Amino acid sequence: MKYEEEVMQIVDIYVIPWGINILVALLIFFIGRIIVGIVSSLVSKALAHTKWDAILVEFVQQLVRAALLIFVIVAVLDQLGVNTTSVIAVLGAAGLAIGLALQGSLQNFAAGFMLLVFRPFKSGDFVEAAGTMGLVEKIHIFSTIMRSPDNKEVIVPNGAIYSGNIINYSARQTRRVDMVFSIGYGDDIKKARNVIAAIVSADERVLTEPEPVIAVSELGAHSVNFVVRPWVRTEDFWPVKFDLTEKIKLAFDENGISIPFPQMDVHWIKPVEEGEPKKKE
C-alpha cells in the first residue's frame, strides 16, 4: 500500500506535470513550425512582386524562417523549464565568436547583400570590378561569378567588388567609341578629315545624335593626330570600332595618306685617325 502511494506521488508530482509540459512544448514546436512556414511563404510572395533579385528574395525568406524558428525553440525550452536567459547569452557569445572567426566571410556576405539590394549591375552586364573585366553570370551572397572575354570563369569575392570602383559598360544604351588616327606632316589635313568623315557617316550603326567628333587633337613628334569619337549603341561598340579602324586604314592607303611611325635619324661622324689632317669646316 505504501509503495502504491509513493508511485502515485511520483506520478502526481513529476510524471503528470512533466508530461503536460512536454505535450505543450511539442504542440508549441509543431504549431510554431506551421506558423513559421506560413509567414516565410507570405514574405516570399510579398517580395516576389518587388524588383528584388530572386537570390535576395530567397535569402530574406530563409533569414525570416531562421529567426522565427529560433523564437519557437526558445519558447519550447522555456515551456520545459530551461533558463532561456542563459541560452540566449550562450547563443550570443557563440555568434560573436563565429563572427570574429568568419570576419572576411561576413564582409563578403554584407557586400553581397548590398549588391543585391542596390544592384549596381545585374546578370548579363559587362563590368569591370576588383581588377576583373567580364560578363556577370551569377550574383551569390558571398561571391559573383563572371566570364572573361576569353571564356574563363572568374569567381570574385563580393567584398572586393563593393569596396572598389565598379564600371558597368552595359548600364547605358549608348557608348562613345574613342579612336586616334595619325597622318604625316606632309599629308593634307582637310583631305584626311574628309576621308574619315565619309567612312564614319557611311556606317549606319553610328548615331547622328550626339554628332560624331572628328578633330585634330595633337601635333605630335612624328605625326598629326586625329581623334575620332562616334556614338553607337552599346552592343555595337566593338564591331564599329574594329570596322572603322580597318576601313579608315584602307581609305588612307587608297588616297595616298600616310600613317607615320616613329623614326630616328642617326648621323655618324668618322673619327679622325692619327696623322690625318683635320678637314676645315
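Only the coordinates and a few stated rules stand behind these numbers; no lab work does. Fair warning: this is a prediction, and the values are worked out from it, not measured in the lab. Cβ coordinates were reconstructed from backbone atoms using ideal geometry, including for glycine residues, and neighbour counts include every protein chain displayed.
Here are the numbers for the structure shown:
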{"quantity": "Cross-link pairs beyond the 18 Å C-alpha cut-off, checked among Lys190/Lys241; Lys190/Lys249; Lys191/Lys249; Lys138/Lys241", "calculated": "Lys190/Lys241; Lys138/Lys241"}
{"quantity": "Distant-in-sequence amide H partners of His140 (H built 1.01 Å from N, under 5 Å)", "calculated": "Ile145"}
{"quantity": "Residue order, fewest to most beta carbons within 10 Å, for Thr144, Thr85, Thr174", "calculated": "Thr85, Thr174, Thr144"}
{"quantity": "Extension reserve of the Arg193-Lys51 stretch, reckoned as 0.36 nm per residue once the Cα distance is removed", "calculated": "46.3 nm"}
{"quantity": "Added length on full extension, which subtracts the Cα-Cα distance from 0.36 nm per residue, Ser123 to Ile20", "calculated": "31.7 nm"}
{"quantity": "Estimated distance in nm for a label pair at Leu77 and Leu207, the labels positioned 7 Å out from Cα along Cα-to-Cβ", "calculated": "6.0"}
{"quantity": "Formal net charge of residues neighbouring Asp178 (Cβ-Cβ distance under 10 Å; K, R +1; D, E -1)", "calculated": "+4"}
{"quantity": "Per-pair calculated FRET efficiency, R0 = 41 Å: Ile167 and Ile35 via Cβ, rounded to 0.05", "calculated": "0.35"}
